[in-house]
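The values are calculated or read from the model by the stated rules, or taken from the named source; none is laboratory data. Remember, predicted model here, so these are calculated numbers, not experimental data. Glycine also receives a Cβ, built like all others from the backbone with ideal geometry; neighbour counts cover every protein chain displayed.
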Amino acid sequence: MSATLVKGEINLDKVRAQVEQGYISIQKHPFADLYIYNYTQRAQYDWHWTEETKTCRGLILDGEGNIIQRPFPKFFSADQTSPSDLIWSKPFTVTAKLDGSLGILYDDGIGPAIATRGSFISSQAIRATEILRAKYRGFTACFGLTALFEIILPENRIVCDYGDKEDLVLLTVIDNETGSDAEDTPRACADLIGWPSEVVEQFSATCKPSDVLSALCIPDDGSVEGVVLRFDYPKGRHTRMKVKTDEYKRLHKLLTGINARHIWEEMKEGRSLDPILERVPDEYFNWVRKIERTLRDSYGDIEAKCKADFRDLGDRKQTALYYQSCLYPAVLFRMLDGKDYSEIIWKQIKPKGDAPFRCGEV
């Protein structure tokens, strides 16, 4: 592979290092000389956002390291973005945030195909490719450009109900060299590549970014996920930010069934939190991290207290009387007998009720 992935931005040596650290994954195409690079759950959970992890969001390279398709980089929600992260006074455009999966157009050597953010062969990628080849015969991928779509499938629904709709909605087209949108609007992008069907809705807004949902009268009833703001700079890549409605976030949380007790159960059993993280969008990662940190701190506090209180007085009856004067006698008895005491501590810190997620916690 060549040394440079994107001139002046990313070095493949840094990408390889972060692959080894578990922050970037690579999947090879089943038969083409193509590789898709994607940030991992670990990158999200550790909040490890470098130029490499942000750019590797479905980035497709060939075996020599040449860019074949380049989606827009990772972008964050308003809940995760401080005013200092963006130049708030800059102009911005607004498009709808659809509740589907990102689809990346590429050519597998047989014809145009769709990959999802981290896979050539996910169920969504396979179905989207079938739709593309059956419904849009003659449409092809354009050299040097990356067309991005929202994949809408009934089986892919989480919150928003699109009925029995199965289709691809064009979001934008990225210039592979610059990493910015090739045209200013989704409709102009569609004209550029000859896309004959639906494009994402674009709104006109002159308000502050923080007021965009109310200014556009976006319904907060779960029927709409939210909007995406694209900040337009004179030079460099466009910067995006997503703003989701409170009701969408609340319903997503309920429908994925994640609460503090689920996190506690996984931790108590010594299991990885990855299965939970795969079911929640990254807006909830701060909440998951907060719950995990609270539980670990609580466990550590009890364990430290018990280690400080532990005594073996040589006489079991006297020792027992002493333990009864301590906060956690059951743990102390386990320590005395050389037995595992972790289950007792975990029961002590079990969350009361479901400890539901609240939108303000992201």
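Looking only at residues in the stretch 174-228 that are among the hydroxyl-bearing types (Ser, Thr, Tyr) and exposed (fewer than 14 other Cβ atoms within 10 Å of the Cβ), the one that is farthest from Pro91 (Cα to Cα) is Ser197.
Only residues in the stretch 146-172 that are farther than 25 Å from Glu247 by Cβ count as the first member; pair them with residues that are of a type in the set (D, E, K, R) and part of a loop (DSSP other than H, G, I, E, B), Cβ under 9 angstrom, at least 6 apart or cross-chain, and list the lot. Between residues of the stretch 146-172 that are farther than 25 Å from Glu247 by Cβ and residues that are of a type in the set (D, E, K, R) and part of a loop (DSSP other than H, G, I, E, B), the close pairs are Thr146/Arg70; Leu168/Glu198; Leu170/Glu198; Thr172/Glu183.
Residue count for the stretch 74-97, restricted to those that are at pLDDT 90 or above and farther than 21 Å from Val199 by Cβ: 1.
Criterion applied to Ala134, Ala141, Ala147, Ala96 was being of a type in the set (A, V, I, L, M, F, W, C) and farther than 20 Å from Ala182 by Cβ, and the one residue passing it is Ala134.
Restricting attention to the stretch 28-75, report how many residues are in contact with a Cys (Cβ under 7 Å, 6 or more places away or on another chain) and without any contact (Cβ under 8 Å) to a residue 40 or more places away in the chain.
2
Against the list (1) out of contact with any His (no Cβ under 6 Å at 6 or more places or on another chain); (2) over 21 Å from Leu132 (Cβ atoms); (3) aliphatic (A, V, I, L, M), the condition Ala147 fails is (2). Identify, please: which residue in the stretch 243-258 is surrounded by fewer than 20 Cβ atoms within 10 Å (Cβ to Cβ) and in contact with a helix residue (DSSP H, G or I) (Cβ under 8 Å, 6 or more places away or on another chain) and is, among those, modelled with the highest pLDDT? The residue in question is Asp246.
Scanning the stretch 181-196 for residues that are touching a residue at least 24 places away in the same chain (Cβ under 8 Å) and in contact with a strand residue (DSSP E or B) (Cβ under 7 Å, 6 or more places away or on another chain) yields Asp181, Ala182, Thr185, Pro186, Cys189, Leu192, Ile193, Trp195. Among the helices (runs of 4 or more DSSP H) confined to the stretch 29-140, the ones with at least 2 residues that are surrounded by fewer than 20 Cβ atoms within 10 Å (Cβ to Cβ) and not assigned by TED's automatic domain parsing to the domain that holds Gly194 are located at 41-45, 51-55. Check whether at least one residue in the stretch 223-236 is modelled with pLDDT under 75, in contact with a strand residue (DSSP E or B) (Cβ under 9 Å, 6 or more places away or on another chain) and under 16 Å from Phe76 (Cβ atoms), and report yes or no. No, every residue in the stretch 223-236 fails to be modelled with pLDDT under 75, in contact with a strand residue (DSSP E or B) (Cβ under 9 Å, 6 or more places away or on another chain) and under 16 Å from Phe76 (Cβ atoms). For the stretch 133-142, the condition holds for no residue, the condition being that it is within 25 Å of the chain's Cα centre (by Cα) and either among the aliphatic types (A, V, I, L, M) or modelled with pLDDT under 90 (or both). Listed conditions (1) surrounded by fewer than 20 Cβ atoms within 10 Å (Cβ to Cβ); (2) under 21 Å from the mean Cα position of the chain (by Cα) are all met by Phe149, apart from (1).
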